[in-house]
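The values are calculated or read from the model by the stated rules, or taken from the named source; none is laboratory data. Bear in mind that the values here come from a model prediction, so they are computed numbers and not experimental data. So basically every Cβ, Gly included, is an ideal-geometry build from the backbone, and we count neighbours across all protein chains shown.
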Amino acid sequence: MEKRRLGRTDIDVSVICLGTMTFGEQNTEAEGHAQLDYALDHGVTFIDTAEMYPVPPSAKTYGRTEEIVGNWISARRNRDKFVLATKVIGASRSGFEHIREGKAKLDRKNIEAAIDASLRRLNTDYVDLYQLHWADRQTNSAGQFGYVHKESPDATPIEETLEALAGLVKAGKIRAVGVSNETPWGLHAFLRAAEEKGLPRIASIQNAYSLLFRPFEVGLAEMAIREDVGLLAFSPLAMGALSGKYLGGTVPQGTRMALYPTRYGRYIAEKPMAVTGKLVALAKEHGLSPTQMALAYVNSRPFVTANIIGASTVEQVAENIGSADITLSTEILEGIAAILQQEPMPVL
């Protein structure tokens, strides 16, 4: 499988990254381990998790995903075979009162407590990439519109956050740092602080990106290329919608839309489903799996370092990984462009 350099580090990652947010909620430990085994056996050398997983987050399951990954690492004794990424949450939000007593933020105390707990759960003494799951400051994320500027006096200064991360690099607990759910201003501010103060440089940005959700292309795509801070794309199938399984109002039992309709319903609204229908027809016209076409498109973007797949079955993992072997023709890319030109922002 193709490997790509992670920012300006000396770390190479597979273009397909296995996401794990279903482990401990939709998937049992045994199912999670089966996915990890299959992925590693088929060229995936990049695994992504987070302290708050599984999703939806709750006090009952907090940290369970990292524990499942950690148990796999302990059982397989294969820590040197892959790149491991996890995340620390930013300023505590509603629904996250169970994490550090609802006082989480990106200061030294919280970051050090978070990484030590993650390392214990993961059964390792280091992670390759440590990511800030979201910002301390109040800002729009996940495609929000209607920006209203409001200062966040309790937000940890970016320089202070980077200094805390520098301490973890020096201690050998992390190798590189990344951001997630960030804006162009936020990414620029981190890069500027790192350059001015000699602090760890951001190596990656993990934001949502798919054929149905494309805000990253405005501002951040150019930043990713010019500054060597490649995108780790999450939700590349728009929570499974781009597979076509929800077309015609169908909501298969056990899928995320069936289990968590209020959380992910926007992906199967009328507008995104109309666009999905056209994309599925295009894929089938060219003898492609709609899933693999959607993923191959993300793989092909010049600002993408890795494509984070998520699945509930090994069969889905296999299909997703197969997208790494697909090169979309000019005809298919032009067909996709024509569809998106008619509706450039299917999901809001």
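Condition first: under 13 Å from T250 (Cα atoms) and either in contact with a Ser or Thr (Cβ under 9 Å, 6 or more places away or on another chain) or among the polar types (S, T, N, Q) (or both). Now tell me which residues in the stretch 268-281 satisfy that.
I268
Please tell me if V169 is modelled with pLDDT of 95 or more, more than 17 Å from the chain's Cα centre (by Cα), surrounded by 12 or more Cβ atoms within 10 Å (Cβ to Cβ) and of a type in the set (V, I, T). It would help to see each step written out before you state the result.
Numbers: modelled with pLDDT of 95 or more: yes; more than 17 Å from the chain's Cα centre (by Cα): yes; surrounded by 12 or more Cβ atoms within 10 Å (Cβ to Cβ): yes; of a type in the set (V, I, T): yes.
The answer is yes for V169.
Among D116, D154, D125, which is the only one that is of a type outside the set (S, T, Y), at pLDDT 95 or above and in a loop (DSSP other than H, G, I, E, B)?
Values: D116 fails: in a loop (DSSP other than H, G, I, E, B); D154 fails: at pLDDT 95 or above.
Going through D116, D154, D125 in turn, just one is of a type outside the set (S, T, Y), at pLDDT 95 or above and in a loop (DSSP other than H, G, I, E, B): D125.
Within the stretch 23-44, can you find the residues that are surrounded by fewer than 20 Cβ atoms within 10 Å (Cβ to Cβ) and either in contact with an Asp or Glu (Cβ under 9 Å, 6 or more places away or on another chain) or not hydroxyl-bearing (S, T, Y) (or both)? It would help to see each step written out before you state the result.
Of the stretch 23-44, the ones surrounded by fewer than 20 Cβ atoms within 10 Å (Cβ to Cβ) are 28-31, 33-34, 37-38, 40-43.
Matches in the stretch 23-44: E29, A30, E31, H33, A34, D37, L40, D41, H42, G43.
Among the residues of the stretch 177-190, are any among the charged types (D, E, K, R), in a loop (DSSP other than H, G, I, E, B) and either free of Cβ contacts under 8 Å to residues at least 60 places away in the same chain or under 29 Å from D10 (Cβ atoms) (or both)? It would help to see each step written out before you state the result.
Of the stretch 177-190, the ones among the charged types (D, E, K, R) are 182.
Now narrow it down to the ones that are in a loop (DSSP other than H, G, I, E, B): 182.
Going one step further and asking which of them are either free of Cβ contacts under 8 Å to residues at least 60 places away in the same chain or under 29 Å from D10 (Cβ atoms) (or both), we end up with 182.
Yes: the stretch 177-190 contains one or more residues that are among the charged types (D, E, K, R), in a loop (DSSP other than H, G, I, E, B) and either free of Cβ contacts under 8 Å to residues at least 60 places away in the same chain or under 29 Å from D10 (Cβ atoms) (or both).
Do we have any residue at all in the stretch 255-267 that's of a type in the set (G, A, S) and over 30 Å from R192 (Cα atoms)?
Quick first cut of the stretch 255-267, residues of a type in the set (G, A, S) only: 258, 265.
Filter once more, so that each one left must be over 30 Å from R192 (Cα atoms): 258, 265.
There is at least one residue in the stretch 255-267 that is of a type in the set (G, A, S) and over 30 Å from R192 (Cα atoms).
Tell me which of these G240 doesn't satisfy, since it passes every other one: (1) without any contact (Cβ under 8 Å) to a residue 40 or more places away in the chain; (2) more than 27 Å from D41 (Cα to Cα).
All conditions pass for G240, except number (2).
Restricting to the stretch 285-305, name every residue that is touching an Asp or Glu at 6+ places or on another chain (Cβ under 9 Å), in a helix (DSSP H, G or I) and over 17 Å from A241 (Cβ atoms).
The one that is touching an Asp or Glu at 6+ places or on another chain (Cβ under 9 Å), in a helix (DSSP H, G or I) and over 17 Å from A241 (Cβ atoms): N299.
What number goes with the only condition from (1) surrounded by fewer than 19 Cβ atoms within 10 Å (Cβ to Cβ); (2) within 17 Å of the chain's Cα centre (by Cα) that G7 does not pass?
(1)
Of the residues that sit in the stretch 45-59 and are in contact (Cβ under 8 Å) with a residue 40 or more places away in the chain and of a type in the set (A, V, I, L, M, F, W, C), which one is surrounded by the most Cβ atoms within 10 Å (Cβ to Cβ)?
Once the filter is applied, the top-ranked residue is F46.
Would you check if there is a residue in the stretch 99-119 being under 19 Å from G186 (Cα atoms), under 20 Å from the mean Cα position of the chain (by Cα) and touching a residue at least 60 places away in the same chain (Cβ under 8 Å)?
no
If a residue must be in a loop (DSSP other than H, G, I, E, B) and buried (at least 20 other Cβ atoms within 10 Å of the Cβ), how many such residues does the stretch 63-81 contain?
First pass over the stretch 63-81, keeping only residues in a loop (DSSP other than H, G, I, E, B): 63, 77-78.
Those still in the list that are buried (at least 20 other Cβ atoms within 10 Å of the Cβ) too: 63.
The qualifying residues number 1.
Need pairs with beta-carbon distance below 7 Å; first residue farther than 17 Å from G240 by Cα and within the stretch 18-31, second assigned to a helix (DSSP H, G or I) and among the aliphatic types (A, V, I, L, M); sequence gap 6+ or separate chains.
G24/I68; E29/I68
Can you find, within the stretch 200-240, the residue that is nearest to the chain's Cα centre (by Cα) among those that are of a type in the set (G, A, S) and surrounded by fewer than 21 Cβ atoms within 10 Å (Cβ to Cβ)?
Restricting attention to the stretch 200-240, the residues satisfying the condition of being of a type in the set (G, A, S) are 203-204, 208, 210, 219, 221, 224, 230, 233, 235, 238, 240.
From the residues that got through so far, the ones that are surrounded by fewer than 21 Cβ atoms within 10 Å (Cβ to Cβ) too are 219, 221.
Numbers: G219: 19, A221: 16 Å.
The residue in question is A221.
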